[in-house]
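Read through the structure below, which is laid out as structure tokens, and then see the notes.
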Amino acid sequence: MYTLYALGNALVDNEITLSSDELAKVGLSKGHMSLIDEEEFNALYAQFKSKIIKKSSGGSAANTVIGATHLACKTYFSCQVADDEQGHFYQKDLTQHHVQHNIQASQHGQTGNCMVFITEDGERSMASYLGVSSTISPDNIDPNALQQSEWAYIEGYLVSSPTGASAAKTFKKMAESKQVKTAVTLSDVSMITYFRSEFNDLLQTPVDLLFCNEEEALAFSETQTLDQAIPLLEKVAHQSVITLGKNGALIIKNGQQEKVDGCKSTLLDTNGAGDLFAGIFLASISKGHPAKMAAETANFAAAKLVSQYGARLNDNNIKDVQHYFNTQQQVVS
């Protein structure tokens, strides 16, 4: 019934554009995600509220499942929000993007939020307040929906909280027991740096598919080059897809490497590009496309996304991606 069932943190994305010098004054690590507490979030939100240019139901996994819906895939999402204004917005936005979910809003706490700062070089630097999303647990998983899914997708950011790490591990084990294919994204270098043991625990048995970018691959394998990293990635995943930005992607399977060229684009905003790549890739292979063709379509979609502001493709770019995919579909047929 579902191409993709994802488990992840529910964060309302608040996008702000500012210069690199202004970002330095905020004190964030450029190009990475930093976890902040409620007091820090409230201060940042008060400071930049008037400069928010876009708001959306975010979090890595949400971006991925919404991306998959662009190619007519049915998706399901489990997360945790609060019974507050932001939580209501989040659920409504998911529904409007045709994503089914089993959200039971918490009567306590605050919905998670992410301040996404976009600098002039297109880099996104994030300050995330997890709020009640940090309380996501195995209780949030819908076993019936999982049973009816082709892929179980786990957002790596979940390892940053004890209950989230437990939910991710339980979700993976349940999927394996139901013969549902598993996919994990490493998400961010900061997650690998500070929560390595949780990642190692999650990946004790190999996943079917691992998504990461080059920087994350090197950080996870603790190596200096991809040639050194790849043998270590093959121990935790039957297949890996390493995104390389404008240089495309690298597919690793059965000891073989396949390079996929990138697409030219005008870089404005990289927010959500890796998440969209994963959603389009999974949607494409679920419809019978070989991995290289799926990566080509995912690269095309990501190139469209970084040429606009926001982690969601605009309507014109969605149509372009669908046209590209349909052209590829004719080749497969």
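Only one of (1) within 28 Å of Phe277 (Cα to Cα); (2) not in a helix (DSSP H, G or I) is not met by Gln104, so which one is it?
Of everything listed in (1) within 28 Å of Phe277 (Cα to Cα); (2) not in a helix (DSSP H, G or I), Gln104 misses just condition (1).
Among what's in region 25-59 and is surrounded by fewer than 13 Cβ atoms within 10 Å (Cβ to Cβ) and of a type in the set (Gly, Ala, Ser), pick the residue that is modelled with the lowest pLDDT.
Step by step, filter region 25-59, then rank; the result is Gly27.
Counting only residues that are closer than 18 Å to Asn9 by Cβ and either among the hydrophobic types (A, V, I, L, M, F, W, C) or part of a loop (DSSP other than H, G, I, E, B) (or both), how many does region 146-166 have?
Counting residues in region 146-166 that are closer than 18 Å to Asn9 by Cβ and either among the hydrophobic types (A, V, I, L, M, F, W, C) or part of a loop (DSSP other than H, G, I, E, B) (or both) gives 6.
Considering only residues of region 196-215 that are part of a helix (DSSP H, G or I) and in contact with a Lys or Arg (Cβ under 9 Å, 6 or more places away or on another chain), which is nearest to Lys169 (Cα to Cα)?
Leu202
What tally of residues in region 226-247 results from selecting those that are free of Cβ contacts under 8 Å to residues at least 24 places away in the same chain and not in a helix (DSSP H, G or I)?
1
Quick one: Ser125 ticks every box in (1) part of a strand (DSSP E or B); (2) at pLDDT 95 or above; (3) among the hydroxyl-bearing types (Ser, Thr, Tyr) except a single one, so which number is it?
That leaves (2) as the condition not met.
Kindly provide the set of residues from region 167-195 that are out of contact with any Pro (no Cβ under 6 Å at 6 or more places or on another chain), assigned to a helix (DSSP H, G or I), touching a residue at least 24 places away in the same chain (Cβ under 8 Å) and surrounded by fewer than 22 Cβ atoms within 10 Å (Cβ to Cβ), ordered by number.
Correct list: Lys169, Met174, Glu176, Val189, Ser190, Thr193, Tyr194.
Quick one: which of Leu250, Leu313, Leu268 is of a type in the set (A, V, I, L, M) and within 15 Å of the chain's Cα centre (by Cα)?
Testing whether each residue is of a type in the set (A, V, I, L, M) and within 15 Å of the chain's Cα centre (by Cα) leaves just Leu313.
For Lys25, are the conditions met, namely being basic (Lys, Arg) and in contact with a Ser or Thr (Cβ under 8 Å, 6 or more places away or on another chain)?
Against the criterion (basic (Lys, Arg) and in contact with a Ser or Thr (Cβ under 8 Å, 6 or more places away or on another chain)), Lys25 does not qualify.
Is it true that Leu250 is among the aliphatic types (A, V, I, L, M), free of Cβ contacts under 8 Å to residues at least 40 places away in the same chain and surrounded by fewer than 24 Cβ atoms within 10 Å (Cβ to Cβ)?
yes
Got at least one residue in region 308-317 being surrounded by 19 or more Cβ atoms within 10 Å (Cβ to Cβ) and either hydroxyl-bearing (Ser, Thr, Tyr) or part of a helix (DSSP H, G or I) (or both)?
Taking every residue of region 308-317 in turn, none turns out to be surrounded by 19 or more Cβ atoms within 10 Å (Cβ to Cβ) and either hydroxyl-bearing (Ser, Thr, Tyr) or part of a helix (DSSP H, G or I) (or both).
The values are calculated or read from the model by the stated rules, or taken from the named source; none is laboratory data. It should be emphasised that the depicted structure is a prediction, and the values quoted were computed from it without experimental measurement. Cβ sites come from the backbone with ideal geometry, for glycine too, and all protein chains shown count toward neighbours.
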